[in-house]
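Heads up, the thing below is written out as structure tokens.
The values are calculated or read from the model by the stated rules, or taken from the named source; none is laboratory data. This one's a predicted model, so the numbers in the text were calculated from it and none came from an experiment. No Cβ is skipped: glycine too gets one built from the backbone with ideal geometry, and neighbour counts run over all protein chains shown. Only protein heavy atoms, including side chains, enter the accessible area calculation; ligands, DNA and RNA are left aside. Shrake-Rupley method; radii C 1.70, N 1.55, O 1.52, S 1.80 Å.
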Amino acid sequence: MKEIVKQNISKVPKLYYIPLIGDPREFVCGWSAAMVNITLTYPVNKIIFRQMLHGISVKSAFLQIVDEGIVTLYRGMLPPLLQKSVSSSLMFGTYDMFRKRLSDTPLHPIVTNSISAILAGSVEAVLTPFERIQTLLQDSAYQKQFVNMKHAVKVVGMEYGFREFYRGLTPVLFRNGPSNVVFFLLREEFNERIPQSNHFWGVHAFQQFFVGACIGALNSTLFYPFNVVKVHMQSKLGGEYISMRTAFRELYIERGKKISNFYKGVHMNYSRSFVSWGVINLAYERFKIILFSED
């Protein structure tokens, strides 16, 4: 299988990589890493979502899901599976593409890398409809209204219009760009400082997991309130479109005028992010070794 993938990639002309869409192998590595991660961490993510939406404890969120039964445990998984895999593919692929295009400019590498990360995050925001549908499928309020992803897409599109898919876009943009900057700058800084090895498994694999895990946990904590606001905005179906500022004010009043209540679920979230981004970074580096080994 490894040889088949490498043979197919090698058939793509080298000039096609950077000038048009960047190196396609970067997109493949990002996509594959996210597929591995989502499959492993979805149940924990669902508990965190309920905490974000209702401002409840881990125990209450867990009991909600238990009461709904094992049949619905993976309900809503398809949207994040599609969204996260494509998003991760775009994140790594477009970042590499923009970074290489800006490398010839007189700007400092930190500036070009930051701009590339923000642009990559903005491109990722195109996938907001996946997060929108995931929110509706995971919200217990819509448990009986939507059968599955296909049904939810049909109802939202036909009854509410295309714009409804992008409800909550603003907090997504505020989250994606800056979090990408933190991820890529810190990742590159760590990789320059840690000792390199010719053998992937062992110490090197642990290092890659730990680097991704620490940055992921940091990012998930820093930008957690944006996810809370996004979920609040996307939990509404139809009606007035409110701004991110209005949504924040509503949540602030609803949750007792305490900023700390915006962090309900953050403990599980950074624990999940620690594991998931560790897995993503480790898997990404492994797939990269496989696909780039001929260079």
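Would you tally the residues in region 69-108 being under 17 Å from Val44 (Cβ atoms) and without any contact (Cβ under 8 Å) to a residue 24 or more places away in the chain?
Qualifying residue count for the region: 1.
Could you tell me whether region 10-26 includes any residue that is closer than 25 Å to Phe183 by Cα, among the hydrophobic types (A, V, I, L, M, F, W, C) and at pLDDT 90 or above?
Among the residues of region 10-26, not one is closer than 25 Å to Phe183 by Cα, among the hydrophobic types (A, V, I, L, M, F, W, C) and at pLDDT 90 or above, which makes the answer no.
Inspect region 214-229 for any residue being open to solvent by less than 60 Å² (accessible area, probe 1.4 Å), over 24 Å from Gly121 (Cβ atoms) and modelled with pLDDT of 90 or more and give the result as yes or no.
The answer is no, given that none of the residues of region 214-229 is open to solvent by less than 60 Å² (accessible area, probe 1.4 Å), over 24 Å from Gly121 (Cβ atoms) and modelled with pLDDT of 90 or more.
Report, by residue number, each residue of region 247-295 that is surrounded by 14 or more Cβ atoms within 10 Å (Cβ to Cβ) and outside any helix (DSSP H, G or I).
Result: Arg255, Lys264, Gly265.
Could you check Phe146 against (1) surrounded by 14 or more Cβ atoms within 10 Å (Cβ to Cβ); (2) in contact (Cβ under 8 Å) with a residue 12 or more places away in the chain; (3) closer than 30 Å to Arg163 by Cβ and say which number it fails?
Only one criterion is unmet by Phe146, namely (2).
Within region 214-246, how many residues turn out to be among the polar types (S, T, N, Q) and in a loop (DSSP other than H, G, I, E, B)?
Final tally of qualifying residues: 2.
Does Leu186 satisfy the condition of being modelled with pLDDT of 95 or more and part of a helix (DSSP H, G or I)?
Spelling it out, Leu186 is indeed modelled with pLDDT of 95 or more and part of a helix (DSSP H, G or I).
Is there any pair with a first residue in region 34-48 that is of a type in the set (Lys, Arg) and a second that is assigned to a helix (DSSP H, G or I) whose Cβ atoms are under 9 Å apart and which are 6 or more apart or on different chains, and what are they?
Every condition considered, the pairs that remain are Lys46/Ala61; Lys46/Ile65; Lys46/Gln138.
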